[in-house]
Amino acid sequence: MKTYFITGGAGFIGSALTEKLLNESNNVVTIDNFCDYYDPKLKEDNIKPFSNNKCYKLYRGDIRNREYIKKIFDENNIDVVVHLAAMAGVRPSIENPLLYQEVNGIGTQNILEEAKLHGIKNLVMASSSSVYGNTKEIPFREDMIVDFAISPYAATKKSNEIMAHVYHKLNNMNIIMLRFFTVYGPKQRPDLAINKFTRLMLNNEEIPMFGDGTTSRDYTYIDDIVDGICKACDYVMIHDNVYEVINLGSNNPISLKEMINIIGKNLGIKPKIKQMNMQPGDVDKTYADISKAKKLLCYEPKTTFEDGIIKFIEWYRKN
């Protein structure tokens, strides 16, 4: 039995990971600040299924609070840290860049520093496909130069990768940075497009389509992302001197128009489109080369985009 410390543990990805790890008879320690970026009740609902599990422990706090992070490391014998907590969202980061730097920058370094001081060597940390910016060469490979971020959010994620490498080099810590490509599925955040568009269609409202609909994203189903995280955790625990940046995607971009049409088809609703200008910070395309994830982690996404949409809609109608 291993003990996992998950930051952002009540969120979309964190709660799905928690559920899988508990089902596999592990101990899970989590922290979440239940901020009002979206309705905190949704996070409360995420953790209800395992809130009484004796192998589950929740700390309500902020990763910017160094003393509170120290307390968690003091009180638990942690085998691996999975750092998911962050201020998310490209567009909001443009409006409030200092908050993003505080949470994603200082908060992340608090995790790294306390892990170092407590002798914890194994970390898996969330980066983002947004670090690729508007790179023209596709698919996106981990060895590409990613020095041209176009949002504060992306810049914080790139800087996290660099800081993690410093801790790896100076302290012999095993760290994998996972660049997530647009994650979707049951419990997805309400501000994200698939959730938002489903809600609007069911309410017979217009869909805001930014640009001409040809922008595309490498949508990745939540179960495939969680599987990749678990495999990354296994990797850092059995290998030494690890620092890797790894894409977790589906290797199958879907255009905005196609995404809207697939949701509409499976709802039985013809979407009402309101075309709008592209927004600052949005990239034209994301497209993951996942050959490294396949080679190192035996990662193999299994859920097609339409199958994932069907599962999401089933969950949405029930909830």
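Readers should treat all values here as calculations from the given coordinates under stated rules, not as data from a laboratory. Because the structure is predicted, anything quoted here is derived from the model rather than measured. As a convention, Cβ positions derive from the backbone with ideal geometry for all residues, glycine included, and neighbour counts pool all protein chains shown.
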Mind putting a number on the dipole of the stretch 257-305 about its Cα centre? Charges go on the C-beta only, +1 for Lys and Arg and -1 for Asp and Glu, and I need it in Debye to the nearest 20.
200
When the charge dipole of the chain is computed with +1 on Lys and Arg Cβ and -1 on Asp and Glu Cβ about the Cα centre, the Cα farthest towards its positive end, among T286, F305, I72, belongs to F305
Could you tell me how many degrees, from 0 to 90 and to the nearest 10, lie between the Cα long axis of helix 66-75 and the main elongation axis, the longest principal axis, of the Cα atoms of the chain?
60
From the cross-link list K41/K265; K136/K196; K136/K257; K2/K121, which pairs have alpha carbons spaced over 25 Å apart?
K41/K265; K136/K196
Using 0.36 nm per residue, how much length does the chain from I94 to K116 gain when fully extended, once their Cα-Cα distance is taken away?
4.7 nm
Measure nothing fancy, just the Cα-based angle from helix 305-318's long axis to the longest principal axis of the chain, in degrees from 0 to 90, nearest 10.
90
Taking only the alpha carbons of the stretch 69-126, the radius of gyration and the largest Cα-Cα distance, Dmax, both in angstrom, are 13.0, 39
State the extension gain, in nm to one decimal, for the chain segment bounded by K196 and M163, taking 0.36 nm per residue of separation less the distance between their alpha-carbons.
8.5 nm
Note down the magnitude of the dipole of the chain about its Cα centre, charges +1 on Lys and Arg C-beta and -1 on Asp and Glu C-beta and zero elsewhere, to the nearest 20 debye.
460
Any chance you could list the semi-axes, whole Å, largest first, of the equivalent ellipsoid that the Cα gyration tensor gives for the stretch 9-62, using √(5λ)?
19, 11, 9
Vicinal HN-Hα couplings computed from phi for the stretch 32-37 (Karplus, 6.51 cos²θ - 1.76 cosθ + 1.60; Hz; Gly/Pro x)
8, 9, 6, 5, 8, 4
Check N96: other-chain or 5+ apart residues with amide H under 5 Å from its amide H, H built from backbone geometry?
none
If you place +1 on the Cβ of every Lys and Arg, -1 on the Cβ of every Asp and Glu, and leave all else neutral, what size is the dipole of the stretch 62-105 about its Cα centre, to the nearest 20 Debye?
120
Helix 152-171: inclination vs the chain longest Cα principal axis, degrees, rounded to 10, gives 20
D74/E206 FRET efficiency (R0 41 Å; Cβ-Cβ; nearest 0.05):
0.20
When N counts the residues of the stretch 134-277, how does its alpha-carbon radius of gyration compare numerically with 2.2 N^0.38 Å, as a ratio?
1.26
Please state, to two decimals, what the Cα-based radius of gyration of the chain comes to when divided by 2.2 N^0.38 Å (N = residues).
0.96
Could you give me D for the stretch 194-319, from Stokes-Einstein at 37 °C and 0.692 mPa s, where the hydrodynamic radius is the Kirkwood radius over C-alpha pairs? Units µm² s⁻¹, please.
201
1/(1 + (r/R0)^6) with r = Cβ-Cβ of S51 and K2, R0 = 22 Å, i.e. FRET efficiency to nearest 0.05, evaluates to 0.60
DSSP-defined beta bridges in the chain - what % are antiparallel, rounded to 5:
5
Sum of -39500 (n - 2.57) over DSSP H runs of 4+, divided by residues of the chain (222 nm, nearest 500):
-12500 deg cm²/dmol
Between F210 and residues 5 or more places away or on another chain, the pairs with built amide H atoms under 5 Å apart involve M276
For the stretch 32-77 and the stretch 245-310, distance of Cα centres in Å
29
Roughly what would the spin-label model give for D282 and E24, points 7 Å off Cα along C-beta, in nm?
3.7
